[in-house]
Amino acid sequence: MAKLLDGKTALILGVANKWSLAYAIAAAYSREGAKVVLTFQGERLKQTVEELGQEIGASKVFQCDVTQPAELERISAELSGGLDAVVHAIAFANREDLSRPFVETSRDGYLLAQEVSSYSLLAVARATAPLMPQGGSLLTLTYLGSQRVVPNYNVMGVAKAALEATVRYLASDLGPKNIRVNAISAGPVKTASARAIKDFSSILDVVAQHAPLRRNTDPAEVADTAVFLASDLGRGVTGNTIFVDAGFHIMGL
Ligand code: NAP
């Protein structure tokens, strides 16, 4: 039976370990027949990501720190055969900026969160769009804290607001090239990045109590929506932020 991503090549940035949302997406893309290429941020993650790549049959794994222009340039050299889909699953803020009052965020901490978590989507789009001459899909991951105040999400909420606006402007720029740009707003999932947010487990508790589906988000649900967006089924969808959060975002109280 034909699979949803047969014949497509996907670049997935942001696998750190087996709990990463990027890893769930990579596994789902591989299951659906895509040729998957993974990147990791630095030497520290090389072995883990290479092993995870083997588990899902990734065709290539290479280093790409999105704050380093030379490493972004490596993308076109490594993917000279072209691309159909890109997943940007990258974010970073200083731990102290995810625990103290937002008003105390330093200039450096603010700029760091913006550079890694928002500007990097633009940088990745510029590096990858030329590799998709027939069109393709660019996907990033965001969170409700961009639109509403979530305790301790702080500077990352501001970075995600910029990221979601970046999705819209990129969708407008790249649409004439048939490159679609979307974000999935995932419900909270216990990953390495999420653990940096003070009292993260209480966010999970609130969601499980109040979300319409009365539970938290399974990374596999995020991954299946990512498959839809990269597949031809998603061909009419661009510039969107799609919530995969057990419905939590619709609740007022
Ligand atoms: P994760 O496993 O920690 O993934 C974050 C990834 O970003 C890590 O691989 C990290 O590498 C990478 N990264 C940080 N700085 C980088 C850089 N300069 N260059 C390249 N990679 C860099 O956590 P995750 O929760 O799956 O996060 C993936 C995305 O989902 C993020 O955008 C996050 O904001 C978003 N999201 C997460 C949740 C959630 O609750 N978990 C909810 C909604 C949205 P290092 O480990 O080396 O730093």
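At-a-glance table
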| item | result |
| --- | --- |
| Considering residues of segment 89-113 that are in contact (Cβ under 8 Å) with a residue 60 or more places away in the chain and surrounded by fewer than 16 Cβ atoms within 10 Å (Cβ to Cβ) only, the residue farthest from Lys35 (Cα to Cα) | Ser99 |
| In segment 171-187, residue nearest to the chain's Cα centre (by Cα) [restricted to those that are of a type outside the set (Gly, Ala, Ser) and open to solvent by 10 Å² or more (accessible area, probe 1.4 Å)] | Arg180 |
| Some residue of segment 187-197 being closer than 21 Å to Gly234 by Cβ and out of contact with any Cys (no Cβ under 8 Å at 6 or more places or on another chain) | yes |
| Members of segment 8-34 that are out of contact with any Phe, Trp or Tyr (no Cβ under 9 Å at 6 or more places or on another chain) and basic (Lys, Arg) | Lys18, Arg31 |
| Residue under evaluation Thr128, criteria (1) more than 13 Å from the ligand (Cβ to nearest atom); (2) in a loop (DSSP other than H, G, I, E, B), criterion not met | (2) |
| Test: residue in segment 3-17 that is of a type outside the set (A, V, I, L, M, F, W, C), more than 10 Å from the ligand (Cβ to nearest atom) and on the phi > 0 side of the Ramachandran plot | yes |
| Residues of segment 116-164 satisfying the condition of being under 14 Å from Gly187 (Cα atoms) and of a type in the set (A, V, I, L, M) | Leu141, Leu144, Val150 |
| Residues that are open to solvent by 70 Å² or more (accessible area, probe 1.4 Å) and under 22 Å from Tyr169 (Cα atoms), drawn from segment 233-253 | Arg235, Gly236 |
| Filter result for Ala171 (assigned to a helix (DSSP H, G or I), farther than 24 Å from Leu253 by Cα and within 15 Å of the ligand (Cβ to nearest atom)) | no |
| Every pair of residues 6+ apart whose Cβ atoms lie under 9 Å, when the first sits in segment 42-56 and is in contact (Cβ under 8 Å) with a residue 12 or more places away in the chain and farther than 11 Å from Asn17 by Cβ while the second is part of a helix (DSSP H, G or I) and near the ligand (Cβ under 10 Å from one of its atoms) | Ile56/Tyr23 |
| Segment 134-146, residues that are assigned to a loop (DSSP other than H, G, I, E, B) and within 10 Å of Glu164 (Cα to Cα) | Tyr143 |
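The values are calculated or read from the model by the stated rules, or taken from the named source; none is laboratory data. Everything numeric here is computed off the predicted structure, so don't read it as measured data. Note that we place each Cβ from the backbone using ideal geometry, even for glycine, and neighbour counts take in every protein chain shown. Side chains are part of the model used for accessible areas, which takes the heavy atoms of the whole protein and leaves out ligands, DNA and RNA. Shrake-Rupley method; radii C 1.70, N 1.55, O 1.52, S 1.80 Å.
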